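A quick write-up on the structure given underneath.
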Amino acid sequence: MYSLAFSVLFIAFFFLTLGLRFWLSNRHIRHVLAHRAQVPAEFAAKIPLEAHQKAADYTVAKTRFGLVSLLFSSAVLIGFTLMGGLQWLAIQLVPVAGFGMTGQLALLAAFAVISGLLDLPFDIYRQFVLEQRFGFNKMTVKLWLADLVKGTLLGAAIGLPLAWVVLTLMEKSGSLWWLYAWLVWSGFQLLMMVLFPTVIAPLFNKFSPLQDESLKTRIEGLMTRVGFASKGLFVMDGSKRSAHGNAYFSGFGANKRIVFFDTLLERLAPQEIEAVLAHELGHFKLKHIVKRIAVMFAVSLGFLALLGYLKEQAWFYQGLGVDPILSSSAMALILFVLVLPVFTFVLSPLTSISSRKHEFEADAFAATHANANDLVSALVKMYEDNASTLTPDPLHSAFYDSHPPASVRIRHLHQAAA
């Protein structure tokens, strides 16, 4: 009885989420196309019509591709769950790996491999067709394959031991396993923040110390003004993969480093780079990073507690197409990861609201410690270079975009400058 009710609830949310995402995407496409013929007035003097139309076409192409991907991933979700795909996979693995820890790790690994293979054609199309069509792809097939191999090996080297620890806790640490697993997961996340800049990221990109002494002096002056200590200023060879540009700081504690994409340095003037960095430093000084980490930890604790309950419920497995005789910690974990987005997508605007509040605050911080007009100028160049639409559908943006729409953001900055 409970399993049937849960199946009905899952199907209802599945179609609700699918329909909502299709409706939002179609709204977005119509809105962008409706404003394609004319650059918004506040950008008319800075962005040519050709660039505006390229951004519109790029946005529409990405959104349509996203709809195809969504249909495919939705079919895969139903195939894994209600159509018995996960149950079939588990049955195939039992004679080879058994029911114990080896069998559970094999199930997780097999699921990850199958999911990755199913996503592979979409990744290839996105990189070598969609990005290539609009002039953003700089990656060779050789580099793409090297990234795929390194990413797979790194994922296995990190993921399998972590999975073994979590599954062991789920099996052997009693009813509060979810609390211990949360402590392990939180510690792992903090460790990755420390290791990523110096150990993981250099496996994929080359990081060179910033050589421009005048720019370096300007940036160091900004860091002194805002009280930010860094382990160094680095330039990343992002141009070997993409024409998109960005800047960020990574690391944790004393291991923080500031990273600029080489494409960004080529495009922006020194005062614009300073303004962009002031925005990024604003996130740090206003403790946005700490707040986001705290929220992430709190949400993950709640979800693990929920999984702790669902793991013991036969209806959870039956309702998602798995015979309870095949229930295991690994099976519960996979099912939970698969279906959670179905139930939580409607809450996406809450995350966007919080993120946008932080973006406005970081912009205000940048306007205080650098020139607001320089940040506006930098953002306009970045919108143009990255072919970011200036006219997103407001409702679509509320669900999907962590940053405010261009016109709203720049209006706030002009007010700050005034």
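The values are calculated or read from the model by the stated rules, or taken from the named source; none is laboratory data. Computed from a predicted structure; not experimentally measured. With ideal geometry, Cβ positions are generated from the backbone for all residues, glycine too; neighbour counts draw on all protein chains shown.
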Some residue of the stretch 307-318 being of a type in the set (S, T, N, Q), farther than 30 Å from P202 by Cα and not assigned by TED's automatic domain parsing to the domain that holds E213: yes
Which residue is farthest from L9 (Cα to Cα), if the candidates are limited to the stretch 64-92 and must be of a type in the set (V, I, T) and either in contact with a Lys or Arg (Cβ under 8 Å, 6 or more places away or on another chain) or in a helix (DSSP H, G or I) (or both)? I91
Please list, ordered by first then second residue, the pairs with beta carbon atoms under 7 Å, 6 or more apart or interchain, first in the stretch 286-312 and within 12 Å of S186 (Cβ to Cβ), second not hydrophobic (A, V, I, L, M, F, W, C). F297/S186
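Restricting to strands (runs of 3 or more DSSP E) lying wholly in the stretch 224-303: which have 2 or more residues that are aromatic (F, W, Y) and either at pLDDT below 90 or under 19 Å from S214 (Cβ atoms) (or both)? Steps first, answer last, please.
Details: elements: 233-236, 247-250, 257-261.
By residue number, 247-250, 257-261.
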Within the stretch 308-330, does at least one residue satisfy the condition of being of a type in the set (S, T, Y), under 18 Å from the mean Cα position of the chain (by Cα) and assigned to a helix (DSSP H, G or I)? no
Give the number of residues within the stretch 236-285 that are surrounded by fewer than 22 Cβ atoms within 10 Å (Cβ to Cβ), acidic (D, E) and more than 21 Å from the chain's Cα centre (by Cα). 2
Restricting attention to the stretch 407-417, does a residue exist that is on the phi < 0 side of the Ramachandran plot and within 20 Å of the chain's Cα centre (by Cα)? no
Exactly one of D374, D393, D385 is closer than 19 Å to L33 by Cβ and of a type in the set (D, E, K, R), and that residue is D393
Could you give every pair whose Cβ atoms fall below 7 Å, whose first residue belongs to the stretch 82-103 and is closer than 25 Å to F6 by Cβ, and whose second residue is acidic (D, E) and assigned to a loop (DSSP other than H, G, I, E, B), counting only separations of at least 6 or pairs across chains? Q87/D323
Answer residue from the stretch 10-37, given it is more than 30 Å from F80 (Cβ to Cβ) and touching a His at 6+ places or on another chain (Cβ under 8 Å) and is surrounded by the most Cβ atoms within 10 Å (Cβ to Cβ) among those: H31
